[in-house]
Structure formats: C-alpha cells, structure tokens
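What follows is calculated from the coordinates using simple rules that are stated; it is not laboratory data. Keep in mind it's a predicted model, so treat the numbers as computed, not measured. As a convention, Cβ positions derive from the backbone with ideal geometry for all residues, glycine included, and neighbour counts pool all protein chains shown.
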Amino acid sequence: MCCTSSCFGPQNLVLYLQLFGLAVMAILFLQSGLDKITDWKGNLGWLKGHFANSPFKNIVPLILGILTVQEVLTGVLCLAGGIIMLVNGQKDIAVIGLLFGLSSFLALFLGQRMAKDYPGAASLVPYMLLNAFLLYLFV
C-alpha cells in the first residue's frame, strides 16, 4: 500500500489521469456501441429521420454499421489499453484507442453537421476535447 507522498507525485498523477480518462472513454464508447447493437431498429429509425434531408440519407444503415463497429472497437481498445498499462506499463494500445476515439468523434461531428443538428455537434466538442487532452497526456 502506498502511503507516502511519492504516490501522489506528478508522474503518478498523470498515470491516474490517463487511467481514469481511458475508463471514461471505454464506458462512453462501449455503452454507445452496445446500445446501437441492442436497439438497432430504434437507432436506425431515428437516424433515417435525422439524416432525411442530408447527403447521407441513402446510406444510413451503412453509416450506422460502421459507426457501431468503430465505437465498440474504440471502447475495447481504451479498456484493454488501461488494463495493459496497469499490468506492464505499455501504452501503445491506449494511444491507439484514443486515436480511434478522435476518429469516432470526428465521424459523429461530421454527421451532426451534415444533418444540420448544430446543438448536437456542439455537444460533442467537450468529449472530443477530453479525448484530445488524454492523448496529450501520453506525449
């Protein structure tokens, strides 16, 4: 058990932020991806309406499938990356997970903007900034 001030030194605080941040990203993306899997029809119906007046209107099922895989993969990589960091300190999988996270947010942001859901697009920005900050912590 760590009871000295060295447990709370700058290097360990960065590690704690990295691990908790990866946990947040894993929860966020796994929940979102698994919701799309368990309620495919509901999500598809909502998205068809959401993109009805956008260039994506004819490819909504394809987009939903790609996004679902991307979100689940991001969540798994962030979760696995955190576990691997705890076990042996190796951070490559965590970084890859966070890069996938940024690409997922970019896809979501593009979709919201194309659907002209500007408040929806704006609501993604804090998550994207958190993801970018976490990636910065690995530099």
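Computed values, structure above
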| read-out | value |
| --- | --- |
| Ranked list, fewest to most other Cβ atoms within 10 Å of each Cβ, for Met25, Met128 | Met128, Met25 |
| Kyte-Doolittle mean at least -0.5, axial Cα span of 24 Å or more - DSSP H helices of the chain | 10-38, 60-88, 92-114, 118-137 |
| Ellipticity estimate at 222 nm from DSSP helix runs (n ≥ 4, -39,500 (n - 2.57)) divided over the chain, nearest 500 | -28000 deg cm²/dmol |
| Cβ-based charge dipole, the chain, positive-most Cα from Cys78, Asn58, Ala121 | Asn58 |
| Relative contact order for the chain, counting Cα pairs under 8 Å that sit 6 or more residues apart, in percent | 27 percent |
| Efficiency of FRET between Phe8 and Tyr136 - r from beta-carbon atoms, R0 22 angstrom, step 0.05 | 0.55 |
| Whole-number D in µm² s⁻¹ for the chain, Kirkwood Cα-pair radius fed into Stokes-Einstein, 25 °C, 0.890 mPa s | 152 µm²/s |
| In nm, spacing of pseudo-spin labels at Asp92 and Tyr16 (7 Å Cα→C-beta vector) | 3.0 nm |
